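Asker: I'd like to ask some things about the structure below.
The values are calculated or read from the model by the stated rules, or taken from the named source; none is laboratory data. Everything numeric here is computed off the predicted structure, so don't read it as measured data. In this analysis, Cβ positions are derived from the backbone assuming ideal geometry, glycine residues included, and neighbour counts consider all displayed protein chains.
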Amino acid sequence: MNKQTIRDEDRQILLELARRSIEAATRQRSLPQIHLADYSPDLQSEGASFVTLTIQGVLRGCIGTLEAYQPLVKDVVEHAAAAATEDFRFMPVSPSEVKLISIEVSILTPPDKLEYVSMDDLLSKLIPGESGVILKDGHRRATFLPQVWEQLPEKEEFLSHLCSKMGAAPNLWKTKNLEVFTYQVEEFHE
């Protein structure tokens with residue numbers, strides 16, 4: 001997303017709710033209660049989000065959804081808790097780690113199917129740093145947010161790592177015509 005669509009006040013509310021959700025989840029307490037009428041229309045609207053947790057720049061958890069199915073404010077609350085306690089790649093965040101956690105929220109646009117005719121065509125249509133990418137092969141799928149381009153700036157390496165994340169051979173994108181979708185995000189952090 002090139003322009004800011006979430007107001008600064010709403011960004012702050014989402015970040016505060018995310019932190020409260022992480023604190024509650026790591027202490028096995030109830031997540032913050034959300035009464036939609038208390039929030040702006042933007043936060044009441046359906047939205048797809050990812051919540052990314054880091055400690056000193058090192059990934060500690062990242063959970064989200066690619067398609068909107070519930071109010072954005074609820075989506076962020078649930079994904080913040082899940083990123084802290086349910087990301088299978090990591091041990092759950094401990095209560096003592098919460099103060100060390102940095103929170104980033106990414107609000108996703110709806111994904112668009114990327115049509116391509118060859119490997120070279122696919123590579124030419126990817127825009128590093130701008131688009132998140134979803135690869136789909138049958139029932140398997142995986143995504144990288146646009147921010148992942150910072151760690152994997154080469155298109156071939158990006159796609160190979162995404163295939164691995166999907167549970168496929170890293171070079172599958174070179175040998176099979178996978179479904180590819182792109183999306184943009186509006187990201188903000190503490």
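Asker: Which of the residues spanning the stretch 126-140 are of a type in the set (D, E, K, R), modelled with pLDDT of 95 or more and closer than 17 Å to residue 110 by Cβ?
Answerer: Hit for the stretch 126-140 is 136, nothing else.
Asker: Okay, moving on. Can you name the residue in the stretch 126-157 that is assigned to a helix (DSSP H, G or I) and free of Cβ contacts under 8 Å to residues at least 24 places away in the same chain and, of all such residues, is surrounded by the fewest Cβ atoms within 10 Å (Cβ to Cβ)?
Answerer: This residue is 150.
Asker: Being free of Cβ contacts under 8 Å to residues at least 60 places away in the same chain and within 27 Å of residue 179 (Cα to Cα) is the filter here, so list the residues in the stretch 87-124 that pass it.
Answerer: First, pick out the residues of the stretch 87-124 that are free of Cβ contacts under 8 Å to residues at least 60 places away in the same chain: 87-91, 96, 99-100, 115, 117-124.
Residues satisfying the conditions are 87, 88, 89, 115, 117, 118, 119, 120, 121, 122, 123, 124.
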